[in-house]
Amino acid sequence: MNLSRVALAAGTAAASVVLLSGTAFAHVGVQPQGQAAQGGYATVNVKVPNERDNASTVKLEVNFPLDHPLASVMPQPVPGWKAEVTKTKLDKPLTLHGKQINEAVSKVTWTADGSKIGPGQFQQFPLSLGQLPENTDQLVLKAIQTYDNDEVVRWIEEQKGSEEPQYPAPVLKLSPAGEDHHGGAASTAPTASASASASADAKAGHESDGGHATTETASASSTDTMARVLGVVGILVGLAGIAFGVLAGRRRSA
């Protein structure tokens, strides 16, 4: 009877770990391809998981900070989704490539147009960004996710301290500027070369005629939490084995 209780407790704990891990890591986030360097250009993916088992995501709104404005934000077309870029007039104009910019992108909205993000699925929305600011090491991109049952989830909470908020805002980390100031680090390491290549692709998209060139987007790897879950489950199974050994020893002694 005691052995059954131990096994049941271990199984329940393992199931709880799986469920809680899925919830804890299923946040809207932003991931750069290579590095996103200060003063340069970058291609990033906004990753949107569906956290509901009875509804589908049909709309995503990503807001850009106007205290660190971006003159150009270009979405790559995503089949089944319509993208709309909203610009806002700046109080203080930007100077980019010798030209004065009086407005910056404040929001990009994707709306389902024949497609949805269903339960157990995620979607990535690629963006070409530039020129990235030089006076900050991160950009907080507050996001609003809408489901087809009219539920709205606001990923807008900024992290204060070590504890992650319940609905954290996506954060794009910026690396120090390289010598070329186009997002590529001044290094011969493979990661730096990949970063420079991704940055060059993004910059080419911004400087093409009419601004309509599409940047190349590499397949971004999704965050894999299964290894963590399996590790925790392994510990729980080990504890159950120890309990079994102790109980078996007691029975032999008796």
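Quick notes on this one:
- Residues satisfying the stated conditions in the range 102-120, i.e. over 25 Å from residue 35 (Cα atoms) and over 20 Å from the mean Cα position of the chain (by Cα): 102, 103, 113, 114, 115
- Boolean, residue 206 is at pLDDT below 95 and open to solvent by 50 Å² or more (accessible area, probe 1.4 Å): no
- So residue 16, is it modelled with pLDDT under 50 and open to solvent by less than 40 Å² (accessible area, probe 1.4 Å): no
- The criterion of being over 19 Å from residue 100 (Cα atoms), touching a residue at least 12 places away in the same chain (Cβ under 8 Å) and either open to solvent by 40 Å² or more (accessible area, probe 1.4 Å) or part of a loop (DSSP other than H, G, I, E, B) (or both) does not hold for residue 48.
- Counted residues, the range 61-75 - those being within 18 Å of the chain's Cα centre (by Cα) and open to solvent by 60 Å² or more (accessible area, probe 1.4 Å): 0
- Candidates 109, 86, filtered to the one that is open to solvent by less than 100 Å² (accessible area, probe 1.4 Å), over 15 Å from residue 130 (Cα atoms) and touching an Asp or Glu at 6+ places or on another chain (Cβ under 6 Å): 109
- Selected residue [open to solvent by less than 60 Å² (accessible area, probe 1.4 Å), in a strand (DSSP E or B), closer than 24 Å to residue 27 by Cα and hydrophobic (A, V, I, L, M, F, W, C)] from 58, 78: 58
- Looking only at residues in the range 121-139 that are open to solvent by less than 30 Å² (accessible area, probe 1.4 Å), farther than 17 Å from residue 111 by Cβ and of a type in the set (A, V, I, L, M, F, W, C), the one that is nearest to the chain's Cα centre (by Cα) is 139.
- Members of the range 140-152 that are in a strand (DSSP E or B) and either open to solvent by 60 Å² or more (accessible area, probe 1.4 Å) or at pLDDT below 95 (or both): 152
The values are calculated or read from the model by the stated rules, or taken from the named source; none is laboratory data. Quick caveat, the model's predicted, so the values are computed rather than measured. Here the Cβ is made from the backbone with ideal geometry for all residues, glycine too, and neighbour counts use every protein chain on show. The area values use the complete protein model at the heavy-atom level, side chains included, leaving out ligands, DNA and RNA. Shrake-Rupley method; radii C 1.70, N 1.55, O 1.52, S 1.80 Å.
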